[in-house]
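Computed from the coordinates by the stated procedures, all read-outs in this text should not be read as laboratory data. Treat the numbers as computed from the prediction; the structure is a model and nothing was measured. Note that each Cβ is placed from the backbone with ideal geometry, even for glycine, and that neighbours are counted across all protein chains shown.
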Amino acid sequence: MNLQVDHIRVDFIIGSRRLSNFCWAFLLLFGALGFFFVGFSSYLQKNLIPFLSAEQILFIPQGIVMCFYGIAGLFISFYLWCTICWNVGSGYNKFDKQKGIFSIFRWGFPGKNRRIFLQFFIKDIQAIRMEVQEGFLSRRVLYVKIKGEQDIPLSRVEEYFTLREMEDKAAELARFLKVSIEGI
């Protein structure tokens, strides 16, 4: 989603509150609870959950391992739920031609550096760079190339589903900033 007026363009970035993160968090939570309850049921020699049988599982060593996997899964699920709750990674990219400033804002983890805010001059932007790696773990990222600085990523790795989508976004942004596109 983006907003563009004559001299200002704002691209909103979706953070951790994605459908895939919700799915993984639920899956991990229920899977971890299942492992933990089956392991604990083997200790009690009684089925705590009717559809998860633990009668044929010995507590030592299988039950202990299942409890361990359950607890580890609960910690990972808790971490995912925290990132979703705090919406880590969300923010915006703002290009203000009137002031000549390019701003990046992102939410991080709670603490002293929760708010990440960077500003650069638009006149220092050299190009919009596209990085595309196809294959099993495909990677498509847009960068802003700035004089004397590292390339700054504008998007997340999984944000663009197709190469066409990414090219359109890069062309639209390059047209607005009147700079070239690299990496096509």
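Averaging sequence separations of C-alpha pairs under 8 Å and six or more residues apart, then dividing by the length of the chain, give the relative contact order as a whole percent.
17 percent
Quick check on packing: order 112-119, 64-71 by the mean number of other C-beta atoms within 10 Å, highest mean leading.
Descending packing order for the listed peptides: 64-71, 112-119.
For the chain, what is the charge dipole size about the Cα centre, in debye to the nearest 20, if Lys and Arg each add +1 at the Cβ and Asp and Glu each add -1 at the Cβ? Walk me through the numbers on the way to the answer.
Details: 22 positive and 16 negative charges, 130 e Å.
Using only the charged Cβ atoms, the result is roughly 620 debye.
Relative to the present Cα-Cα distance, how much length would full extension add between R18 and Q98 at 0.36 nm per residue of separation?
25.5 nm
Work out which GluC sites (Glu not before Pro) in the chain are exposed loop sites (DSSP not H, G, I, E or B, at most 14 other Cβ within 10 Å) and give the longest gap free of them.
On the way: sites that count: E55, E134, E149, E158.
Formally, the longest exposed-site-free interval is 56-133.
Could you tell me the number of lysine pairs in the chain with C-alpha atoms less than 12 Å from each other, where the two lysines are 8 or more residues apart or belong to different chains?
Count of close lysine pairs: 6.
Compute the helix-to-body angle for 19-44: its Cα long axis versus the longest principal axis of the chain, expressed 0 to 90° and rounded to tens.
Orientation of helix 19-44: about 20 degrees from the principal axis.
Points 7 angstrom from Cα along the Cβ direction at R139 and Q45: gap in nanometres?
It works out to 5.5 nm between the two label points.
Specify the residue with the greatest mean-square fluctuation among L154, L33, L142, computed from a Gaussian network of the chain linking alpha-carbon atoms under 10 Å apart.
In the Gaussian network model the winner is L33.
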